[in-house]
1. Exactly one of (1) part of a loop (DSSP other than H, G, I, E, B); (2) surrounded by 15 or more Cβ atoms within 10 Å (Cβ to Cβ); (3) small (Gly, Ala, Ser) is unmet by residue 257. Its number?
2. For segment 58-112, which residues satisfy the criterion of being within 26 Å of residue 258 (Cα to Cα), within 16 Å of the ligand (Cβ to nearest atom) and in a strand (DSSP E or B)?
3. What tally of residues in segment 268-288 results from selecting those that are over 23 Å from residue 73 (Cβ atoms) and over 19 Å from the mean Cα position of the chain (by Cα)?
4. Would it be correct to say that residue 135 is over 18 Å from residue 180 (Cα atoms), part of a loop (DSSP other than H, G, I, E, B) and more than 16 Å from the ligand (Cβ to nearest atom)?
5. Can you find, within segment 219-255, the residue that is nearest to residue 177 (Cα to Cα) among those that are within 16 Å of the ligand (Cβ to nearest atom) and aliphatic (A, V, I, L, M)?
6. Pairs under 9 Å by beta carbon, first residue free of Cβ contacts under 8 Å to residues at least 12 places away in the same chain and closer than 14 Å to residue 70 by Cα in segment 229-244, partner of a type outside the set (A, V, I, L, M, F, W, C) and near the ligand (Cβ under 9 Å from one of its atoms), six or more apart or different chains?
7. Within segment 116-145, take every residue that is farther than 27 Å from residue 270 by Cβ and among the aliphatic types (A, V, I, L, M) and give me the one that is farthest from the chain's Cα centre (by Cα).
8. State all residues of segment 105-120 that are at pLDDT 90 or above and either in contact with a Leu (Cβ under 8 Å, 6 or more places away or on another chain) or on the phi < 0 side of the Ramachandran plot (or both); if no residue qualifies, say none.
Amino acid sequence: LIGVPHAEAYGSRFRREAYHLIPIRVGIFAGMVFAALDPLVDSLEEYLGDAAPFLEKFWSHTEVIGRLRWVYNGNWKLWQENFRDNYHPEFTHRFVRDCYQGCLDQGANHQLSDGHGLLIMPPVPLNFEQYGVALKSASGLDIDARRNPNWDVPCLWVDDGRVDVILTIFPNLDLTYFVLGTSLALHVLHPQGVARTVVEMIQLGRRGESAEVRQWRLERSLHLHAAHGPVTADDVEALDRCRRGLQARINRPVNISRGQKPGKVGETRDEYSIRSFYAAWRRYMQVT
Ligand SMILES: [Fe+2]
């Protein structure tokens, strides 16, 4: 406490030092600043656990190039479920269904340490023919999506491993690395209430790249991943419907048991990562 108007009224034993801010733990990893109010572990590296190498590999050497926020009507945990789940996209997102129809369930869904999770999969080329048919049935218009130059920017492809990655850090951070590293973004959740959450989307670019490349990243990322985009708009609607459904008092548990193989790694449509999240949440909430 650095100042008190008319402090004499509190008496001679009043000490401003006794009303200091509560210290929080702050750490830096892969160029990102993490803060914890009341951590259960001693260090940030210990907290990140086996998520740390992925954070380092895919998101270091980046910097912030754009930022925006939106609000959805739903609990903050629903957003984490969405980003740990690769079961819903082909059913929830018309864009994904039309562009990727028939794609195999390749890649893996990982339960990482202490609440973190990882989806990692080979990128699948967009099926423009199928997309055009779907657009025509929805709009009546003949649209050749292949003529949109935004869909092909091989000059940006930098990932030798040729994977798409979604890393989720407990409790409120998720990071996306899509289309061989062309779309680099992270979302930070700010709970406002039981059924209201602010999403802060931070767009990243690689250090030293041109203004033209950054402009492309911003446009593409906003198109796909901002609240109005053909993917996130569906998610926000789905979260609102989940919120309404969860209000029903039927006392029936939500099933997150997809993937019964022993261990911590399943197929991308499995729910190892979601189970990791709720195990940590129960530990922090001291739910037995
Ligand atoms: Fe989704």
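1. Unmet condition: (2).
2. Across segment 58-112, the qualifying residue is only 109.
3. Residues in segment 268-288 being over 23 Å from residue 73 (Cβ atoms) and over 19 Å from the mean Cα position of the chain (by Cα): 6 in total.
4. In short, no.
5. Applying the filter and picking the extreme gives 224.
6. 237/92
7. 141
8. Correct list: 107, 108, 109, 110, 111, 112, 113, 116, 117, 118, 119, 120.
The values are calculated or read from the model by the stated rules, or taken from the named source; none is laboratory data. Nothing here was measured: the structure is a model prediction, and the numbers come from that model. Methodologically, a virtual Cβ is constructed for each residue, glycine included, from the backbone with ideal geometry; neighbour enumeration extends over all protein chains shown.
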